[in-house]
Amino acid sequence: MAVTLTERAAQHIANFIAKRGKGVGLRLGVRTSGCSGMAYTLEFADEIAGDDNQFDSHGVKVLIDPKSLAYLDGTELDYVREGLNEGFKFNNPNIKNQCGCGESFGV
Amino acid sequence: MALLQIAEPGLSAAPHQHRLAVGIDLGTTNSLVATVRSSISVVLNDEDGRALLPSVVRYLADGTTEVGYAAQAMQSVDPHNTVVSAKRFMGRGVSDIAAIVNLPYQFVDAPGMVQLKTVAGVKSPVEVSAEILKALRARAEKSLGGELVGAVITVPAYFDDAQRQATKDAARLAGLNVLRLLNEPTAAAVAYGLDNAAEGIYVVYDLGGGTFDVSILRLSRGVFEVMATNGDSALGGDDFDHRIYCWVLEQTGLFALSAQDTRLLLTRAREAKEELTFHPETRITAVLSNGQAVDVLLTSKIFSEITLSLVNKTLAPTRKALRDANLGVEDVKGVVMVGGATRMPQIQRAVGEFFGQEPLNNLDPDKVVALGAAIQANVLAGNRSGDEWLLLDVIPLSLGLETMGGLVEKVITRNSTIPVARAQEFTTYKDGQTAMSIHVVQGERELVSDCRSLAKFELRGIPPMAAGAARVRVTFQVDADGLLSVSAREKNSGVEASVMVKPSYGLSDGEIADMLKASQQHAHDDMTARSLREQQVDGGRILEAVAAALAEDGELLNDAERGKIEERMAALRVTLEGNAPQAIKNAAEALNRATESFAGRRMNRSVQQALAGHKLEELES
């Protein structure tokens, strides 16, 4: 079971955390909502919960609660630039269908 | 497809619920747009990676427009239709801009604001600014991948209501929802996180391309109050370029250059200035149109010397602003540097020495205002948790209305944080009064004549009632941009009237400071004047009531009693002419005592009349 970051994503995250001035890492999660049933959450983590799964990817700590991990296993988080827009993108092998917006998915 | 940003812990938005908000620095020379991405405020660049958008709009004959660099490039070719510095005309009449000379535009005097004649028709400064805002909005929506919920737009601290309203109108024309107009120095302070810093006095030193502004801010309980502003609207980085240019002419013995050569040397001068920020010396080289070569060495020492008087020209307004705020340099907790020209080392040094502390300069001085506006926009759009402090502005002068005798009743007091709404109940002064005049005033003094009149309106259609029976609720509401609306409603009948205070009534900070000073100097006089007017109003009301009673029930009195009352009335009338509040009070009390038994008899009579023809049981039930 693992979740990884691309090197570019890791660099951006490390940079954001440094500028933000605090945070132990990045918390990824899944919650039920959105047009395709599930939605990703992407947040700064200020503390580690007892049952968190921890992954180290290019020096950035990624925290995922056990329930979310089932949906995220094998996911790679990338940082991409599309025209003027830039941000994070989930490459998740588990998904069966995805809402056009990219924020919401089904498994 | 949307790309995700990192949220604060526990604040992930539901899909499609991201609230995109931007901060816009709508500048005289350049404009910028910024947003908060993954908790960090960043300026949004254009397709070519440029952050600045020159605040230049060119109107073409076919009705289309060019904005930014494209328009700037055509400035010398098509000067009449290429509008620069529209910000200087916002909310201004022809007389206001008469001082700005050498403008290539054909002005049209329109009520309220000047208009510019272009090949595409007459355009107002609001429309020009809207074009700039539209370009920034398009850039933001492309960069963020969605529609904006709103924007915070910055304005100079000294902008009056008319200029602020014009800025809001421009935003509306550009299809932007204005979350808030924010003072530029306040935005800069927010960018440095000073709103979460220690309370105290902060100075914002803003030296742009063509203007210099200094603002003294006081932070207390999360609120920035602008205490004083000063500056020089014709001093900026361009003047430093010009000094270098003149120095080059001196060194080389050149004179009477063609326009083209002048432009070339000015460009070289600007490059030299920028070079000297990082290097101790720089070489200025150019080949003029006649083939003559220019090659001189400019050291930062010489640069400092030839621009010393310019640097000092910024310190004089700074000193003055501090004095206006009754502060010394030792009171200043921090100094924020804004504007590209503050990169010059001699400016940094001079400001550091003046205040005896290192100025804050680690953010890009060109971007700091937009970055602060973006942080504020992010909070206002609801993207931060509730306990985050919301930056608030305050009302600089109390707002109130005129009551009987020309006295001011303050409804919203000075330094209240906005937005704010306050209501107060007033009543009629005379029996059967069917209308009430509401006179809205601004100021700290006790008498209407010493305050500034903002608006007047009438509440009509109050049903005739005894004096004091009507209940008129007057509500003052100031929105987040400092614009006031006043409404009045008589509660028994429901009649209503209201007014939006016309923005042309704005006051400059200087006038506000003068009004505050006057109120402090006249505090004692005002108190006396107020108590005199109050007694006069009271005395007048008693006289009226007694006169009405005499007319109605005069036969209840014998001649001696009546004579005594009339004597006391005359005495009260005499004191009302004078200016001794105590004398009026005494005379009024004397009249009250003289009418006590008369009042008792009237009461008995009216009770008898009310009871006549009724049985006891009827009254008990």
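The values are calculated or read from the model by the stated rules, or taken from the named source; none is laboratory data. These figures come from a predicted structure and were not determined experimentally. Here Cβ is always computed from backbone atoms with ideal geometry, including for glycine, and neighbour counts include all displayed protein chains.
Only residues that are at pLDDT 85 or above and of a type in the set (Ser, Thr, Tyr): list them for the stretch A:6-39, please.
The answer is A:Thr6, and nothing else.
Go over the candidates B:Gly231, B:Gly175, B:Gly193 one by one and state the one that is on the phi > 0 side of the Ramachandran plot and touching a strand residue (DSSP E or B) at 6+ places or on another chain (Cβ under 7 Å).
Answer to the selection: B:Gly231.
Quick check: anything in the stretch B:416-429 among the aromatic types (Phe, Trp, Tyr) and at pLDDT 80 or above?
Scanning the stretch B:416-429, I find at least one residue that is among the aromatic types (Phe, Trp, Tyr) and at pLDDT 80 or above, so the answer is yes.
Please give the number of the condition B:Ala71 fails out of (1) out of contact with any helix residue (DSSP H, G or I) (no Cβ under 7 Å at 6 or more places or on another chain); (2) within 14 Å of another protein chain (Cβ to nearest Cβ).
The one condition B:Ala71 does not meet is (2).
Among B:Val369, B:Val379, B:Val351, which is the only one that is outside the structural domain of B:His279 (by TED's automatic domain parsing), part of a helix (DSSP H, G or I) and closer than 22 Å to B:Gly210 by Cα?
Being outside the structural domain of B:His279 (by TED's automatic domain parsing), part of a helix (DSSP H, G or I) and closer than 22 Å to B:Gly210 by Cα holds for just one of B:Val369, B:Val379, B:Val351, which is B:Val369.
Can you tell me which residues in the stretch B:29-42 are closer than 16 Å to B:Ala188 by Cβ and not aliphatic (A, V, I, L, M)?
B:Asn30, B:Ser31, B:Ser41 - these are the residues of the stretch B:29-42 that are closer than 16 Å to B:Ala188 by Cβ and not aliphatic (A, V, I, L, M).
Any idea how many residues of the stretch B:316-348 are farther than 30 Å from B:Ile306 by Cβ, buried (at least 18 other Cβ atoms within 10 Å of the Cβ) and of a type outside the set (A, V, I, L, M, F, W, C)?
Adding up the residues that qualify gives 2.
Among the residues of the stretch B:184-218, how many are farther than 16 Å from B:Gln376 by Cα and either of a type in the set (D, E, K, R) or assigned to a strand (DSSP E or B) (or both)? Break it down into steps so the answer makes sense when it comes.
Going residue by residue through the stretch B:184-218, those that are farther than 16 Å from B:Gln376 by Cα are B:198-218.
Still in the list and also either of a type in the set (D, E, K, R) or assigned to a strand (DSSP E or B) (or both): B:199-207, B:212-218.
Residues meeting the conditions: 16.
Among the residues of the stretch B:579-590, is there at least one that is outside the structural domain of B:Glu446 (by TED's automatic domain parsing), within 28 Å of B:Thr403 (Cα to Cα) and part of a loop (DSSP other than H, G, I, E, B)?
Yes, because at least one residue in the stretch B:579-590 is outside the structural domain of B:Glu446 (by TED's automatic domain parsing), within 28 Å of B:Thr403 (Cα to Cα) and part of a loop (DSSP other than H, G, I, E, B).
Spot the failing condition for B:Leu235; the list is (1) part of a loop (DSSP other than H, G, I, E, B); (2) of a type outside the set (Gly, Ala, Ser); (3) surrounded by fewer than 19 Cβ atoms within 10 Å (Cβ to Cβ), and only one is missed.
Every listed condition holds for B:Leu235 apart from (3).
Which one is nearest to the chain's Cα centre (by Cα) among residues in the stretch B:435-455 that are part of a loop (DSSP other than H, G, I, E, B) and among the small types (Gly, Ala, Ser)?
Once the filter is applied, the top-ranked residue is B:Gly443.
Could you list, in sequence order, the residues of the stretch B:456-484 that are assigned to a strand (DSSP E or B) and either modelled with pLDDT of 85 or more or closer than 16 Å to B:Glu425 by Cα (or both)? Show your work before the answer.
Going residue by residue through the stretch B:456-484, those that are assigned to a strand (DSSP E or B) are B:456-459, B:472-478, B:484.
Residues satisfying the conditions are B:Glu458, B:Leu459, B:Val472, B:Arg473, B:Val474, B:Thr475, B:Phe476, B:Gln477.
May I ask you to verify whether B:Val296 is part of a strand (DSSP E or B), in contact (Cβ under 8 Å) with a residue 40 or more places away in the chain, among the hydrophobic types (A, V, I, L, M, F, W, C) and farther than 29 Å from B:Leu397 by Cβ?
yes
Restricting attention to the stretch A:9-17, does a residue exist that is of a type outside the set (Asp, Glu), surrounded by fewer than 15 Cβ atoms within 10 Å (Cβ to Cβ) and within 11 Å of chain B (Cβ to nearest Cβ)?
The answer is yes, given that some residue of the stretch A:9-17 is of a type outside the set (Asp, Glu), surrounded by fewer than 15 Cβ atoms within 10 Å (Cβ to Cβ) and within 11 Å of chain B (Cβ to nearest Cβ).
Looking only at the stretch B:593-610, count every residue that is touching a helix residue (DSSP H, G or I) at 6+ places or on another chain (Cβ under 7 Å) and assigned to a helix (DSSP H, G or I) and tell me the total.
5
With respect to B:Leu327, determine if the residue is in the same structural domain as B:Asp213 (by TED's automatic domain parsing), part of a helix (DSSP H, G or I) and within 28 Å of the chain's Cα centre (by Cα).
Judged against the criteria, B:Leu327 is not a match.
Within 15 Å of the chain's Cα centre (by Cα) and free of Cβ contacts under 8 Å to residues at least 60 places away in the same chain: is that true of A:Thr41 in this structure?
yes
When the residues of the stretch A:87-99 are filtered to those that are assigned to a strand (DSSP E or B) and out of contact with any Leu (no Cβ under 8 Å at 6 or more places or on another chain), which remaining residue is farthest from the other protein chains (Cβ to nearest Cβ)?
A:Asn97
So, in the stretch B:41-64, exactly how many residues are away from chain A (no Cβ under 14 Å) and surrounded by fewer than 21 Cβ atoms within 10 Å (Cβ to Cβ)? Spell out how you get there, then give the answer.
So the first thing to find is which residues in the stretch B:41-64 are away from chain A (no Cβ under 14 Å), and the list is B:52, B:54-64.
Among the residues that remain, those that are also surrounded by fewer than 21 Cβ atoms within 10 Å (Cβ to Cβ) are: B:52, B:54, B:60-64.
Number of matching residues: 7.
Of the residues that make up the stretch A:69-86, is at least one at pLDDT below 85 and in a strand (DSSP E or B)?
Yes, because at least one residue in the stretch A:69-86 is at pLDDT below 85 and in a strand (DSSP E or B).
Looking at the stretch B:66-79 only, could you name the residues that are modelled with pLDDT of 85 or more and either surrounded by fewer than 21 Cβ atoms within 10 Å (Cβ to Cβ) or touching a Leu at 6+ places or on another chain (Cβ under 6 Å) (or both)? Steps first, please.
Within the stretch B:66-79, the first condition is being modelled with pLDDT of 85 or more, and the residues that meet it are B:66-74, B:78.
Within the stretch B:66-79, B:Glu66, B:Gly68, B:Tyr69, B:Ala70, B:Gln72, B:Ala73, B:Met74, B:Asp78 qualify.
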